[in-house]
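Everything below concerns the one structure shown next.
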Amino acid sequence: MTDQIVITEKSSQAKDVRGAVGGRYGAILPAEGHLIDLLEPEDVVPEWKRWSPILLKPDGLYGTRPAIGGNKAAKLKAIREALRTAKRVWLATDCDREGQLIGQEILEHYKYRGEVMRVLFTAQDSQTIRDAFKEARPNSEYARLYAAAVARRQADQIYNLSLTRTATVVLGRGARGVIGVGRVKTPTLAIVCKRELEIRNFVPVTYFEVVATAKVASGEFKMRHAPQERILKRELADAVVEAARDFEGLLGVKVEDKRQGPPKLHDLPSLQKLCSTRFGWSAAKTLDVAQELYDGQGKKIITYPRAEVRYLPESLIADVPKIVAGLQVGQSFRDIPVPVPPLIRRGASGTFHEKGLEGASHHAVIPNVNTVDTLREVWPRLSIDEKKLFDVIARAYLAALMPDFRYRQTTATLDVKGFPFKATGRQPLELGWRAAFPEWQPADEKGDGGQLLPAMRDGEPARLRDPEVETKETKPPPRYSEGTLIEAMQNAWRFVDDDLLRDRLKEAKGIGTPATRAEIIGGLKKQEFLVAQGKNIVPTENGLRLFGVLKDADPALVDPGQTAQLECLLDDVVVGKQQMVGAVDAVCDVARRIIGKLTQGPAGGGPLLLGSARGNGSGERPPTPAMKRYAESLARQKRIGLPADYATSGTACRAFLKQHAPQKPASDRNAAPSSQPASPTPALADEASPSVKKRRRRTGATLAGKKAPSRRKARKSKLADLPADASPSRARQDADASTPLSIPYGNKDIAMKLGARYSASGWYAPPGVDLSAFKDKGWL
């Protein structure tokens, strides 16, 4: 028995704490992520078990219950038993909002009323942990952080489950399947889909530029025609060429000495963007590598990686000399000329900025001061990827302590018979922080903008020669990589048209959190709504179809700006600008309005969306995952073979189950619920809706053996209505409606030449288009 205990977030953290402080603060008991779940809607109101288009908001908040899975039950039992006798609890979970929730929700669930101390560490080495215990504060000081976490969790459960059920019931029209709506996941899908539609519908425009060589007394350089608007007609460009040929005139020369400060330190989103661009890493891989550098055995050389700000507190200024000295022992950083003493920048444009940390749980990612002197021993143990990421973090830290980059910018202008020509060049005066990135060159220094101009004076004569026209073409916006998608999520204000709201959202943190964005993108990929294509991430046809259905139903469902406003309200809880209940109510008001709009508007699009999730090329729906698992289980139990096409043919899998699965009594079959989808299979799982997933698993076997008379009857009636000469081989469509097509990615040009067209609902063949070529390719 002990009168105090320590609760950590996971077993590896418990091991590090035990190695740092031993048992002086009591037994060290690890959680396993969240050991407490929210109750299901039907646990609160039994009538909510049947899916219907209503707001699933209980009186007050959702209650809690022990989580299941893994070793959660055993770990929760150990903590519960220890709490019976503990007079003091040390919460040593992660230092962010989620860590606060993971630890404190256990105490709230068991109504613990003893003393609670909060231990916050931003690095996981022994010295940092010991210091954190010495500096622990009463947990009551973090009440707002906990309230913000509770508000976010409650709001997500109500919003996501209510709108998922409403969209499924109203838009699905009774079809099997879930039209999942997530407060963050759905707008994230929308960001990618909107960009893809922009690219597919982009029509390039040809334009023309004129460039000439200018000769002055001290040398030659390129000058470019600089009109206010692009030249779209070739004859206008030819006129500029004729005017510039052998033209002589007086230059206007402007010379300015400028300086540029170093880039900000890294938070998790900036690391994910850089690593995606430079190394081709996914967002999840960047986080995994950073986590290993943070808490990996024998490593622990960076601070907490799930950072959401790019500043440091002024209290860390004292650590600067030690970190710089520790880094410069290594060969990689030895030649970086950090001044002595290092340059300390304060304020919003600097590195150390207290106000910039308001509402944040932790600071920017930097090398760990307590392990930096062990780098020589740790370095050989690091993988190649870990070395790459540490190099990025260390160079950013050193650059932040170095002088500004100073350069001389020369701008030369020339009036050529009314046509303006211009040249710009840079001459570095002092590299400053750029010495930390010797191989890096900014985009504005590439091409003409990076040329080194000869010495010139204002009013000096210049002669142009060899003018020529360059034919160029406008380009569509680039596709997102995982890194740039996370940046788009972080800067959701860019998707807002209202100027006042844009300005307010610029100060917010976008949609999602640094800890969840990679998981959200990964979930969309896993469900085959997004797919990686090289370094880029693009929507699948099913993702585009889902986006189109939800956008037509209510644009607010797919509006990143709407979600960013809700994130603002939830973040305001941390700084005391908003009460927890008020933030939850505001999210519920938005959900209630959307539910009203969905139920009042026309239903449509559901069966097409839900019935096309994973085609097998034959037009037949594949079996659900639950059906496949059940079939495999029966085959193992009865030691019989499975049909060859059980995994791709719903008909074959259903026939196998009908033949070999135990039959229910007639009374049970007669009691089966009717049209409403009590437990559909997923079209888009929800980022905070575990009940959807659990219910899917729980009822999968029932679904597998269930008949769908409505769909079968509908198919029969459609076949009966066809004229006598109708057949699948007809070469030309003579109905008024368009024909849906399934065009594999990368076949856009071929499809359009054959007459296909594209909309938010997917590819289609307009009336009158010859369908035989599409049938031959298997695209019908």
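The values are calculated or read from the model by the stated rules, or taken from the named source; none is laboratory data. Computed from a predicted model, the values in this text were never measured in an experiment. Note that each Cβ is placed from the backbone with ideal geometry, even for glycine, and that neighbours are counted across all protein chains shown. Accessible surface is based on the protein model in full, side chains and every heavy atom, while ligands, DNA and RNA are left aside. Shrake-Rupley method; radii C 1.70, N 1.55, O 1.52, S 1.80 Å.
Annotations
- Within segment 198-236, being free of Cβ contacts under 8 Å to residues at least 24 places away in the same chain and at positive phi holds for no residue.
- Taken over segment 135-170, the criterion of being hydrophobic (A, V, I, L, M, F, W, C), buried (at least 24 other Cβ atoms within 10 Å of the Cβ) and closer than 20 Å to PHE547 by Cβ is satisfied by LEU163, ALA167, VAL169.
- Against the numbered list (1) free of Cβ contacts under 8 Å to residues at least 60 places away in the same chain; (2) small (Gly, Ala, Ser); (3) under 17 Å from GLN451 (Cβ atoms), ALA239 comes up short only at (3).
- Subset tally (residues that are under 24 Å from PRO138 (Cβ atoms), surrounded by 15 or more Cβ atoms within 10 Å (Cβ to Cβ) and either free of Cβ contacts under 8 Å to residues at least 40 places away in the same chain or more than 27 Å from the chain's Cα centre (by Cα) (or both)) for segment 65-101: 10
- Criterion applied to TYR407, TYR397 was being assigned to a strand (DSSP E or B) and open to solvent by less than 30 Å² (accessible area, probe 1.4 Å), and the one residue passing it is TYR407.
- If you go through segment 746-757 and keep only what is in contact with a helix residue (DSSP H, G or I) (Cβ under 8 Å, 6 or more places away or on another chain) and surrounded by fewer than 16 Cβ atoms within 10 Å (Cβ to Cβ), you end up with just LYS748.
- Test: residue in segment 453-460 that is part of a helix (DSSP H, G or I), hydrophobic (A, V, I, L, M, F, W, C) and open to solvent by 40 Å² or more (accessible area, probe 1.4 Å): no
- VAL210 at pLDDT 95 or above and outside any helix (DSSP H, G or I): yes
- Residue in segment 171-195 that is most open to solvent (accessible area, probe 1.4 Å), counting only those that are farther than 24 Å from CYS588 by Cα and among the charged types (D, E, K, R): ARG173
- Failed item, numbered, when GLY483 is tested on (1) in a helix (DSSP H, G or I); (2) at pLDDT 90 or above; (3) more than 28 Å from ILE179 (Cβ to Cβ); (4) open to solvent by 30 Å² or more (accessible area, probe 1.4 Å): (4)
- When residues of segment 486-507 are limited to those that are part of a helix (DSSP H, G or I) and over 21 Å from the mean Cα position of the chain (by Cα), the one nearest to PHE202 (Cα to Cα): ASP499
- Beta carbons closer than 8 Å, at least 6 apart along the sequence or on distinct chains, never pair a first residue in segment 300-313 that is within 9 Å of ILE366 (Cα to Cα) and open to solvent by 20 Å² or more (accessible area, probe 1.4 Å) with a second that is at pLDDT 90 or above and not in a strand (DSSP E or B).
- Residue list for segment 510-533, restricted to those being among the small types (Gly, Ala, Ser), in contact (Cβ under 8 Å) with a residue 60 or more places away in the chain and not in a helix (DSSP H, G or I): GLY512, ALA515, ALA532
- Against the conditions (1) over 27 Å from ARG306 (Cα atoms); (2) modelled with pLDDT of 90 or more, VAL531 satisfies every one except (1).
- Taken together, PHE529, PHE547, PHE495 contain a single residue that is open to solvent by 20 Å² or more (accessible area, probe 1.4 Å) and at negative phi, which is PHE495.
- Considering only residues in segment 102-134 that are among the small types (Gly, Ala, Ser) and farther than 26 Å from LYS77 by Cβ, the one that is most open to solvent (accessible area, probe 1.4 Å) turns out to be SER126.
- Qualifying positions in segment 550-566 - at pLDDT 85 or above and open to solvent by 30 Å² or more (accessible area, probe 1.4 Å): LYS551, ASP552, PRO555, ASP559
- Against the test of being at pLDDT below 95 and open to solvent by 40 Å² or more (accessible area, probe 1.4 Å), the options ASP415, ASP444 yield a single qualifying residue, ASP444.
- Qualifying positions in segment 538-590 - within 22 Å of the chain's Cα centre (by Cα), more than 23 Å from ASP503 (Cα to Cα) and either of a type in the set (Lys, Arg) or assigned to a helix (DSSP H, G or I) (or both): GLU541, ASN542, GLY543, LEU544, ARG545, LEU546, PHE547, GLY548, VAL549, LEU550, LYS551
- With respect to being basic (Lys, Arg), surrounded by 14 or more Cβ atoms within 10 Å (Cβ to Cβ) and part of a strand (DSSP E or B), ARG463 fits the description.
- Exactly one residue among LEU271, LEU265 is in contact with a strand residue (DSSP E or B) (Cβ under 9 Å, 6 or more places away or on another chain), surrounded by 24 or more Cβ atoms within 10 Å (Cβ to Cβ) and closer than 26 Å to ASN536 by Cα, and that residue is LEU271.
- Residue in segment 386-398 that is in contact with a strand residue (DSSP E or B) (Cβ under 7 Å, 6 or more places away or on another chain) and more than 30 Å from ALA20 (Cβ to Cβ) present: no
- Subset tally (residues that are closer than 20 Å to LEU375 by Cα and either assigned to a loop (DSSP other than H, G, I, E, B) or β-branched (Val, Ile, Thr) (or both)) for segment 273-308: 11
- The residues on offer are LEU569, LEU524, and the sole one that is of a type outside the set (Gly, Ala, Ser), open to solvent by 10 Å² or more (accessible area, probe 1.4 Å) and within 17 Å of VAL184 (Cα to Cα) is LEU569.
- Within segment 37-51, the presence of a residue that is at pLDDT below 95 and over 27 Å from SER162 (Cβ atoms) is excluded.
- Within the option set GLU235, GLU220, GLU198, being open to solvent by 60 Å² or more (accessible area, probe 1.4 Å) and either in contact with a strand residue (DSSP E or B) (Cβ under 6 Å, 6 or more places away or on another chain) or not in a helix (DSSP H, G or I) (or both) holds for one residue only, GLU220.
- Meets criteria (free of Cβ contacts under 8 Å to residues at least 40 places away in the same chain, in a helix (DSSP H, G or I) and within 30 Å of LYS185 (Cβ to Cβ)) for ALA148: no
- Leading residue by the ranking (surrounded by the fewest Cβ atoms within 10 Å (Cβ to Cβ)) among those in segment 31-64 that are assigned to a helix (DSSP H, G or I) and among the acidic types (Asp, Glu): GLU47
- Some residue of segment 242-262 being without any contact (Cβ under 8 Å) to a residue 40 or more places away in the chain and outside any helix (DSSP H, G or I): no
- Every condition in (1) touching a helix residue (DSSP H, G or I) at 6+ places or on another chain (Cβ under 8 Å); (2) surrounded by 14 or more Cβ atoms within 10 Å (Cβ to Cβ) is met by ASP319 except one, and the failing one is (1).
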